Amino acid sequence: MSVTINTIGIVGAGQMGNGIAHVCAAAGLSVRLNDMSEERINGALATINGNMARQVAKGAMTDEVRHAALGRISAAKTFEDLGGCDLVIEAATENEEVKRNIFVNLCRALPPETLLATNTSSISITRLAAATNRPEKFIGIHFMNPVPVMQLVELIRGIATEDATFEAARGLIARLGKTSTVSEDFPAFIVNRILLPMINEAVYTLYEGVGSVESIDTAMKLGANHPMGPLQLADFIGLDTCLSVMQVLHDGLADSKYRPCPLLVKYVEAGWLGRKTKRGFYDYRGEKPVPTR
């Protein structure tokens with residue numbers, strides 16, 4: 001028998017966490033948002049408010065709906081505050097050790113019937129589930145960035161995920177008005193397994209001097225009809241996230257075609273991670289983005 005999800009806990013109030021909170025609250029669910037600092041939770045609430053205000057301005061949402069949605073999101077300062085949730089989604093940084101640690105501590109604080117999910121974009125669902133005391137109630141629910149805009153959600157079952165857990169997750173995605181696609185539990189799932197090697201190849205194309213940042217992005221926008229060039233997209237995703245997904249693919253599939261480009265590694269080592277640090281393949285510190293090579 002499937003569980004209906006009405007109250008959602010979210011661990012991690014960053015870009016993905018606040019996006020998930022936004023769409024869940026807008027769809028009528030109660031949301032409890034957790035992060036290590038109250039400051040980050042408040043920052044997330046301000047971001048959600050701003051993003052919803054933009055939707056109101058575009059006519060995609062009424063002001064009444066925005067006020068009601070914001071009223072459904074509350075701060076959860078501790079994991080114990082997530083105790084009344086039907087489902088808790090982890091949306092922390094893309095680092096396996098960090099995620100495993102969160103799940104170990106969450107399991108101590110939550111009743112045994114609470115479902116658990118991870119928003120990982122690449123890490124093994126089966127391995128993360130093994131860090132919990134309820135692998136049968138664990139599933140991968142991978143939202144795309146930016147969550148309020150992107151239509152797709154990947155659902156990934158671990159080896160132990162029960163049908164009831166899967167059906168509850170699928171019902172939730174339908175309620176959010178999004179489309180779910182089912183992926184097997186292999187490194188980087190479907191979207192990132194195809195997308196990240198393309199971005200990595202674009203970085204190799206730059207590294208080998210085949211084209212400049214501008215020529216590569218223009219070529220893919222106008223030659224392949226992509227809405228955004230691959231290097232611009234890498235900056236949007238975050239070069240550290242791109243590198244970590246390539247490392248998961250390279251380690252998990254042991255195929256040299258997934259070797260991260262040395263230039264991508266260099267940018268990450270420099271702390272040039274894209275938009276979030278104001279520099280990546282483009283420099284965002286001025287009026288408009290300027291290529292850095």
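Read-outs: derived from the displayed coordinates by stated rules, not from any lab. On a predicted model such as this, the values are computed, not experimentally measured, just so you know. Cβ coordinates were reconstructed from backbone atoms using ideal geometry, including for glycine residues, and neighbour counts include every protein chain displayed.
Our estimate of slack between A224 and Y204, defined as 0.36 nm per intervening residue step minus the Cα-Cα distance, is 5.4 nm. The listed peptides 244-250, 272-278, ordered by packing as a protection proxy, come out as 244-250, 272-278 (highest mean of other Cβ atoms within 10 Å first).
Computed 3J(HN,Hα) for the range 214-224, one whole-Hz value per residue from the Karplus formula 6.51 cos²θ - 1.76 cosθ + 1.60 where θ = phi - 60°, is 5, 5, 5, 5, 5, 4, 6, 5, 8, x, 10, glycine and proline marked x. Here the Kirkwood formula puts the hydrodynamic radius of the range 231-289 at 11.7 Å, using every distinct Cα pair. Dividing the summed -39500 (n - 2.57) terms of all DSSP H runs of n ≥ 4 by the residue count of the chain sets its mean residue ellipticity at 222 nm at -14500 deg cm²/dmol. Scattering from the range 192-291 was approximated by placing one identical point on each alpha carbon and applying the Debye formula without solvent; log10 I(q)/I(0) at 0.15 1/Å stands at -0.55.
Contact order for the chain, expressed relative to its length and based on alpha carbon pairs under 8 Å spaced 6+ residues apart, stands at 14 percent.
Annotation: amide H of V88 within the under-5 Å range of G9, L115, L116, A117, sequence separation 5 or more or interchain, hydrogens built in the peptide plane. For the chain, the equivalent ellipsoid derived from the alpha-carbon gyration tensor has semi-axes of 32, 23, 17 Å in decreasing order. Cα centroid separation, the range 46-108 to the range 153-180: 18 Å.
For R279, the residues whose modelled amide H falls within less than 5 Å of its own, excluding neighbours fewer than 5 places apart on the same chain, are L273, G274, Y284. In the range 116-159, the inverse of the mean reciprocal separation of distinct Cα atoms equals 10.8 Å; this is its Kirkwood hydrodynamic radius.
Between the range 1-31 and the range 181-239, the C-alpha centres lie 29 angstrom from each other. Among DSSP bridges having both ends in the range 56-156, what percentage is antiparallel? Round to the nearest 5. Percentage antiparallel, nearest 5: 35. Bridgeable aspartates and glutamates around K278 (alpha carbons under 16 Å apart, same-chain partners fewer than 8 residues away excluded): D235, D240, E269, E287. Relative to the longest principal axis of the Cα atoms of the chain, helix 163-175 runs at roughly 70 degrees. Please tell me which of these pairs span more than 31 angstrom C-alpha to C-alpha: K77/K288; K221/K266; K58/K221; K99/K178? Correct reply: K77/K288. With the biggest extent put first, the Cα atoms of the range 38-128 measure 43, 28, 25 Å across the principal axes.
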